[in-house]
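A.B. asks: I'd like to ask some things about the structure below.
None of the figures in this text is laboratory data; all of them are computed from the coordinates on show. Computed from a predicted structure; not experimentally measured. Cβ coordinates were reconstructed from backbone atoms using ideal geometry, including for glycine residues, and neighbour counts include every protein chain displayed.
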Amino acid sequence: MKFVLVILAMLWVSPPLLAAPEPKADPKQQQHPVKREINKEKATRLAQERYPGRVLKVQSDSRQFKVRVMQSDGRVVNVVVDGRNGRVQREE
């Protein structure tokens, strides 16, 4: 009888111990704001180096800067500058 009571007690206590621990959240998937390495002035300068002209407007969001440049021939170019690495691309 003692043996049965010991087994029942062990079975009663063991489920929480046997339960798998919750997986830790992947830090890459957490929704933290992206840390910018590039500021507005540097984004403007990078855009002008690649597409010379007069800067008309600079907008930013959490990840990138959008720079509107009017070139000497009058064409307006929309440029996207990555806020983390400074990569410059023309927006189509």
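A.B. asks: Taking neighbour counts of Cβ atoms within 10 Å as a proxy for exposure, in what order, fewest first, do LEU46, LEU56 appear?
C.D. replies: On the way: LEU46 19, LEU56 12.
Taking fewest neighbouring Cβ atoms as first place, the list is LEU56, LEU46.
A.B. asks: Give me VAL69, VAL80 sorted ascending by neighbouring Cβ count inside 10 Å, so fewest comes first. Present the calculation step by step, with values, prior to reporting the outcome.
C.D. replies: Numbers: VAL69 22, VAL80 18.
Fewest-to-most Cβ neighbours within 10 Å comes out as VAL80, VAL69.
A.B. asks: Let me ask something else about it. Assign unit charges at the C-beta atoms only (+1 for Lys and Arg, -1 for Asp and Glu), then state the dipole size of the range 33-92 relative to its Cα centre in Debye, rounded to the nearest 20. Display every interim value, and only then the final one.
C.D. replies: On the way: 15 positive and 8 negative charges, 31 e Å.
That gives a dipole near 140 debye.
A.B. asks: In 5 Å bins starting at 0, how do the alpha-carbon pair distances of the range 33-92 split up by percent?
C.D. replies: Here the calculated profile for the range 33-92 is 4, 23, 34, 22, 10, 4, 1, 0.
A.B. asks: So which trypsin sites (Lys or Arg not before Pro) in the range 63-92 pass both tests, a DSSP loop state and at most 14 other Cβ atoms within 10 Å of the Cβ?
C.D. replies: Numbers: sites: ARG63, LYS66, ARG68, ARG75, ARG84, ARG87, ARG90; in loops: ARG63, ARG75, ARG84, ARG87.
When the trypsin sites (Lys or Arg not before Pro) of the range 63-92 are filtered for loop state and at most 14 Cβ neighbours within 10 Å, ARG63, ARG75, ARG84, ARG87 remain.
A.B. asks: Listing ASP82, ASP73, ASP61 from the residue with the fewest other Cβ atoms within 10 Å to the one with the most, what is the order?
C.D. replies: Numbers: ASP82 18, ASP73 6, ASP61 9.
So the residues, fewest neighbours to most, are ASP73, ASP61, ASP82.
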